[in-house]
1. Could we say that B:Gln128 is closer than 30 Å to A:Asn142 by Cβ and modelled with pLDDT under 95 here?
2. Please work out which residue is least open to solvent (accessible area, probe 1.4 Å), limiting yourself to region A:79-90 and to residues that are touching a strand residue (DSSP E or B) at 6+ places or on another chain (Cβ under 8 Å) and under 15 Å from A:Lys170 (Cα atoms).
3. Quick one: count up the residues across region A:38-49 that are out of contact with any helix residue (DSSP H, G or I) (no Cβ under 9 Å at 6 or more places or on another chain) and away from every other protein chain (no Cβ under 13 Å).
4. Kindly indicate the residue of region B:77-90 that is in a helix (DSSP H, G or I) and open to solvent by 60 Å² or more (accessible area, probe 1.4 Å) and also nearest to B:Leu31 (Cα to Cα) among those meeting that condition.
5. Here is a list: B:Phe100, B:Phe169. Which entry is in contact with a Phe, Trp or Tyr (Cβ under 8 Å, 6 or more places away or on another chain) and modelled with pLDDT under 95?
6. Condition first: in a loop (DSSP other than H, G, I, E, B) and in contact with a helix residue (DSSP H, G or I) (Cβ under 7 Å, 6 or more places away or on another chain). Now tell me which residues in region B:112-135 satisfy that.
7. Picking from B:Phe74, B:Phe63, B:Phe98, which residue would you name as being among the aromatic types (Phe, Trp, Tyr) and open to solvent by less than 10 Å² (accessible area, probe 1.4 Å)?
8. Within region B:169-202, count every residue that is open to solvent by 30 Å² or more (accessible area, probe 1.4 Å) and either polar (S, T, N, Q) or facing chain A (nearest Cβ under 7 Å) (or both).
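The values are calculated or read from the model by the stated rules, or taken from the named source; none is laboratory data. Since the structure is predicted, the reported quantities are computational estimates derived from the model, not experimental observations. All Cβ positions, glycine included, derive from the backbone under ideal geometry; neighbour counts span all protein chains shown. What goes into the accessible areas is simple: the full protein's heavy atoms, side chains included, and nothing from ligands, DNA or RNA. Shrake-Rupley method; radii C 1.70, N 1.55, O 1.52, S 1.80 Å.
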Amino acid sequence: MEVYLVLCFICMLPIPAKSITTVDCKPAINESLAAKITINTVILQQPRCCFDNLTNLPCTSNTCEIWLVPAVDTGLSTFDANKASSAILSLSPYPTAFTGSSPANYFLTKVGLQSDFPCVSPSPGGYFRVGADGACSTTNCNGFLPQGSSPSFKYLLVDSVNKTVLAETKWSDSIALYTLKDPGTLGDGFAGRSGAMVIITTLLSVAAAVLLLFLIVVLALCCCGGKSKGSGSVVGSVMGSFRIPRYDTHHLKDPAPYDNPAYEKERKYTTQDTLPKTKATSAVNPVTQDTIKLQKI
Amino acid sequence: MASRGGLTWLMIIVILCNAFAAAAGLALFALAIWVAVDGYKLYPISGVSGKDDIFAGAWIAIFTGFAYFCTCIFGIYAARKQRRSLMLAYLIIMFIIFIFECASCITAATNRDYLVGNSNVVKKQMLQYYAEDSTKGREITKTWNKVMQDVECCGTDSPLDWVEYNSTFRQLYGTTYPWPLNCCKRLSSFEVADSQGCIIGQTSTMFTRGCFTHIESVLSRYTWAVSWYGFSVQMFVFFMLLIAMVYFTQLG
């Protein structure tokens, strides 16, 4: 009886729960990769040097596993409340993590063994792609994150034997995934006029208008305006092609030089009246005009 | 009447200007042929959008360039003959060609502004038509594949265009590949060098700059050939026609 009572008393003593250590690490995006964030995947940096300073672990680096918790909205607090549970790995399977009326909003997926991520990385460019398994259906698969959500991440150190969480990092900042924008929202209307186009258009339009104007003016001046003006500047317009200011008409009885009236204005030569009267000028005798007598001058 | 010496000088000037304009017209003809042939094979980008007047302007410039060449030779003949009727015919024909060439320059410049003023038109076209199974889709897919491989670029402004926007490619092929495999570097055997690295976006395995700079520079090059060179020919022809009109008024 006393033994029974002692045993009961011992049983009632609170068993100290193994507390989960929080290491000073924060998962971050791998900035060097172009596809670091898409609509349903995120590429994180590997959890190096996060859990290496812990002591008194029940597993070695060859048996300790590193797991990842992506969580959205309420999932952070839900996970933090449940993380001490021994069945945490299967408490929220991936297929139902984000669906249903009150989803858990988190899931767990295995990243690798702790020995896979030594502090000094042998080769650079390590990454871990969350969502690499796509639309999968096992409990702990690395499936797509909900589109357009803003998940936060946390790495866990899990004992592979007990399947309990030994240590965890801090929650990362929430990383906003892209939501697919509709290309119809790209405004393809007025993109602005370049300076070149304005210059070319204005100068060419002005040049064409000026040319047309001058062409009309020239045509008006030369083809239509020519008839109304005097003929002073036109040679021989009265007498056709005659360009002789003064000529003798040999068929007349009284030959006298004929003054072409077209040259009225330009008379720079002497007329019949102003010619000097010498015998030479009256060489032709109207009486005997058919016989030519040579006279001594 | 103007002194015979002055008229002769004017005739010589008109003949020389016409000879120069004939050469310039022939050069315009050749340059417009280069644009119309489209050595960079970027016609579908303007053709699918319906605004392909850069190439229409080039076709007009082919005809006007050759017409300038022929009419200027006729102009040399008309100036030499010193006959008003010939000079009048020359002036009227040159004016008609001038109007057509103006149209070519202006429309080429305007359409270039619409197409590549900013990257939205080209980006929207790429998202909508790449990988689509229609005539337009096939043309655009072929053009973009060639550009991405030759110029070593991805997307319009950057590969993130494929990630940020919904597209026919995304609808058809899901989210396994963030961008088409033509964005990935290839070996000389045309296989993708590192398809896993390309999917996650390692900069050493894919092209990370956008293709818009190349497309914009090619279409601008075509446009400046047609519209700026056409503009300079037009300015020269404008002053030459003014001199020819003066010569026309001085003729008997």
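1. No: the conditions fail for B:Gln128.
2. Taking the candidates together, the pick is A:Phe79.
3. 2
4. Only one residue tops the list, namely B:Tyr77.
5. Details: B:Phe100 fails: modelled with pLDDT under 95.
Sole residue among the options that is in contact with a Phe, Trp or Tyr (Cβ under 8 Å, 6 or more places away or on another chain) and modelled with pLDDT under 95: B:Phe169.
6. B:Ser119, B:Tyr130, B:Ala131, B:Glu132
7. Answer to the check: B:Phe98.
8. Residues in region B:169-202 being open to solvent by 30 Å² or more (accessible area, probe 1.4 Å) and either polar (S, T, N, Q) or facing chain A (nearest Cβ under 7 Å) (or both): 8 in total.
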